[in-house]
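One structure is given here, and the rest of the page talks about it.
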Amino acid sequence: MKIDRRKFLKLTGATGIGLGLSATDIFTKGTVEASSGHSRVSTAATRLAMVINIGKLKTDDDYQRIIDACHSIHNVPTIDNPKHEVKWIWTDTYKHSFPEQINEYHPEAFMKKRFPLLCNHCDHPPCVRVCPTKATFKRPDGIIQQDMHRCIGCRFCMAACPYGSRSFNWIDPRPHIKEKNTEYPPRTMGVVEKCTFCNERLERGEEPACVESSNGALVFGNLNDPESEVRKILNTHFTLRRKPSLGTMPSVFYVIGGEDYAG
Amino acid sequence: MLDKALTGSKKYWTLVIILLGISGVGVFTYLHQLKTGLGITGMSRDVSWGFYISQFTFLVGGAASAVMLVIPYYLHHYKKFSKIVILGEFLAVASVTMCMLFIFVDMGQPMRIANVFLYPTPNSILFWDATVLSGYLVLNIVIGWATLHAEKKGTSPASWVKPLIYLSIPWAISIHTVTAFLYAGLPGRHFWLTAIMAARFLASAFSGGPALLIILALIVRKYTKFDPGKEPIQAVGKIVAYAMSVNVFFILLEVFTAFYSNIPGHMHSFEYLFVGIEGHSKLVPLMWTSVILAAVSLFLLIPPGFRKNESILVFACITVFISLWIDKGFGLVIGGFIPNHFGTVTEYWPTIPETLITLGIWSIGFLVLTILYQVTVSVREELGTAKSEY
């Protein structure tokens, strides 16, 4: 799991090749199959994914605990101006999170429900495709990683990400960090950042901080292992992903229904 | 030849000093931005590109002035363009210079900009854009300088210049296409996700670039002994008329697809730009100004009777330029970000520092242009060939 600089560079090269391959895939596979996205799933041994069980998140505190767990350990600044906000995980309504999948007759309580939002660690990430310096890249385990020392701050990735998951440091973030965690590097002004699925914790054999603090509402694991917990949930529950029509193949799934969501 | 830039009339020096002054204000404000971050601009996490990138997008069009003269002159031997083709090439130099400066000031970490070439990434359109823009800049400097130098010596340009001129033609197409691809390949940005984006960029460039050239050529005629001639201006006017018609046609195609298909994502940006969404309507007056100016320009450009009157032609070119500046230098980029990916609206308006930096770059561009035109005009005044025979 440990990735050093040499591997970073190799990896980023491999991402470029991977992109070329996926383009030819579209032509070799059946058209209908390709357009529906089923043929585009990763065949890597590991593809890290998250399942968010909305029904298990009940109180405001359930959400805040998850956000705080993430933002405190990653030195994510608290900036009041929404235009300059930096966020790795946050919440929004169903309407805003799944704008293409709404109808006027959803239960009112459901429409008020908050959904945790974060980087989807897409299997076909547009942000990686557009980055001019390979500062953002896809690891073999599916994590979309960001090299803060290579990023030139062009914000092409922000234009490309259809989920609004990327934050730019419009101002110096350091004065806005509530309690500094000296174990994790703060970012400098002028670079883009986002959720990393806690790669630093995974290396230590720990789960992502949000998952750990969620009391089982968030589940993390290997999507390409049929025996993994995430797969077991996906096999038995109805799940949604954000904006499936764009073909980005998100690795974050939302369990909708099956439990009382009115909490 | 560059020494010619150091000798000029009082008017020339006044202009140079004014432009230097505005550039200085821009540079000074940029240093402030460098220190405090892009937070001093009107950009936000929702509208993450603003004035800088939209000015760059618009100015790529200014570079098209060259190719629209190079094709008739070098491929069709339309001799009447002999005097103004260099004005187009030097306008391209100034435009591309501004483009690169606008990209530069938009970077969050400008000192790392060399990373684009240190870690070349062919799957990124921005890598290709940086490549084609710098290539086009070099091509036009070399071609313009070499041909002017030959003219000064009374010889024909060196044999290696011709292949470069031919290369510059597809290269010019590439800068508009690649810049359009920055936008046209992004999933979820419906306003930009359109196959005719590159075609629209070409049409707007081929009208806006030559329109600016006509305005500049007539300014040069008014203040110097250099006269580009009547017929060449008319010929460029015809190019503007055709290209602007195609440009407006392409925009109407977009409107049809968005509204006849009735797909919300395709309609939203148009709605924001032209009527506003939920009371957010900052750009509405600007966009209608653009529409009205476009209509006026077509009304004045299409009937040959109007166009043949040089004063009307210049007025039409000004309307084309402003209309396209609003449409491409503002609406196209900002509109693509609104509404955001959550279906909500965060508006954008440039701040004062952002505007000063923008004006500074325009000023640097015009300074480059003024110097290059001064050299050109001086060379021809010395040769006694400042007046076109057409």
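The values are calculated or read from the model by the stated rules, or taken from the named source; none is laboratory data. On a predicted model such as this, the values are computed, not experimentally measured, just so you know. Because the Cβ atoms are built from the backbone with ideal geometry, glycine has one as well, and the counts that use them run over all protein chains shown.
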For residues that are over 18 Å from B:Thr57 (Cα atoms) and crowded, with 19+ Cβ neighbours inside 10 Å, scanning just the stretch B:92-110, find the one that is nearest to the other protein chains (Cβ to nearest Cβ).
-> B:Gly108
Restricting attention to the stretch A:208-228, does a residue exist that is modelled with pLDDT of 95 or more, of a type in the set (A, V, I, L, M, F, W, C) and more than 19 Å from A:Arg47 (Cα to Cα)?
-> yes
Within the stretch A:23-40, can one find any residue that is surrounded by 13 or more Cβ atoms within 10 Å (Cβ to Cβ), in contact with a Cys (Cβ under 9 Å, 6 or more places away or on another chain) and at pLDDT 50 or above?
-> no
Any idea how many residues of the stretch A:122-163 are in contact with a Lys or Arg (Cβ under 8 Å, 6 or more places away or on another chain) and either free of Cβ contacts under 8 Å to residues at least 12 places away in the same chain or β-branched (Val, Ile, Thr) (or both)?
-> 4
Of all helices (runs of 4 or more DSSP H) completely enclosed by the stretch B:1-82, which ones contain at least 3 residues that are within 14 Å of another protein chain (Cβ to nearest Cβ) and not charged (D, E, K, R)?
-> B:10-36, B:51-62
Collect the residues in the stretch B:253-282 that are under 24 Å from A:Lys243 (Cα atoms) and among the polar types (S, T, N, Q), keeping them in residue-number order.
-> B:Thr257, B:Ser261, B:Asn262, B:Ser269
Quick one: B:Phe330 ticks every box in (1) surrounded by 22 or more Cβ atoms within 10 Å (Cβ to Cβ); (2) within 14 Å of chain A (Cβ to nearest Cβ) except a single one, so which number is it?
-> (2)
For the stretch B:187-212, the count of residues that are surrounded by fewer than 19 Cβ atoms within 10 Å (Cβ to Cβ), away from chain A (no Cβ under 14 Å) and touching a residue at least 24 places away in the same chain (Cβ under 8 Å) equals 2
Given (1) free of Cβ contacts under 8 Å to residues at least 60 places away in the same chain; (2) not aliphatic (A, V, I, L, M); (3) not in a loop (DSSP other than H, G, I, E, B), index of the condition A:Pro226 fails | (3)
Please find, within the stretch B:111-121, the residue that is surrounded by the most Cβ atoms within 10 Å (Cβ to Cβ) out of those that are under 25 Å from the mean Cα position of the chain (by Cα) and within 7 Å of another protein chain (Cβ to nearest Cβ).
-> B:Val116
Within the stretch A:122-161, the count of residues that are of a type outside the set (A, V, I, L, M) and facing chain B (nearest Cβ under 7 Å) comes to 12
List the helices (runs of 4 or more DSSP H) that sit entirely inside the stretch B:206-304 and contain at least 1 residues that are over 24 Å from the mean Cα position of the chain (by Cα).
-> B:230-261, B:264-274
Taking the options B:Ala184, B:Ala146, name whichever one is away from chain A (no Cβ under 14 Å) and small (Gly, Ala, Ser).
-> B:Ala146
Breaking point among (1) part of a loop (DSSP other than H, G, I, E, B); (2) within 11 Å of another protein chain (Cβ to nearest Cβ), for A:Asp80 = (2)
Exactly one condition in (1) touching a Phe, Trp or Tyr at 6+ places or on another chain (Cβ under 7 Å); (2) surrounded by 22 or more Cβ atoms within 10 Å (Cβ to Cβ); (3) among the small types (Gly, Ala, Ser) is not met by B:Ala294; state its number.
-> (1)
Filter the stretch A:94-121 down to the residues that are free of Cβ contacts under 8 Å to residues at least 40 places away in the same chain and in contact with a helix residue (DSSP H, G or I) (Cβ under 8 Å, 6 or more places away or on another chain), then identify the one that is farthest from the other protein chains (Cβ to nearest Cβ).
-> A:His106
Spot the failing condition for A:Val76; the list is (1) farther than 26 Å from A:Thr239 by Cβ; (2) more than 17 Å from the chain's Cα centre (by Cα), and only one is missed.
-> (2)
Matching entry among B:Leu193, B:Leu202, B:Leu164 (being within 25 Å of B:His268 (Cα to Cα), among the hydrophobic types (A, V, I, L, M, F, W, C), part of a helix (DSSP H, G or I) and modelled with pLDDT of 95 or more) | B:Leu202
Residues in the stretch A:175-191: is at least one hydrophobic (A, V, I, L, M, F, W, C) and within 12 Å of another protein chain (Cβ to nearest Cβ)?
-> yes
Search the stretch B:29-68 for residues being under 15 Å from B:Ile352 (Cβ atoms) and free of Cβ contacts under 8 Å to residues at least 12 places away in the same chain, and hand back the single one that is nearest to the chain's Cα centre (by Cα).
-> B:Gly39
From (1) over 30 Å from A:Lys178 (Cα atoms); (2) part of a helix (DSSP H, G or I), pick out the condition that doesn't hold for A:Asn103.
-> (2)
Test for B:Gly8: is it more than 23 Å from B:Ala203 (Cα to Cα) and modelled with pLDDT under 95 = yes
With the condition kept exactly as written, say whether any residue in the stretch B:129-143 is more than 25 Å from the chain's Cα centre (by Cα), more than 14 Å from chain A (Cβ to nearest Cβ) and farther than 15 Å from B:Leu372 by Cβ.
-> no
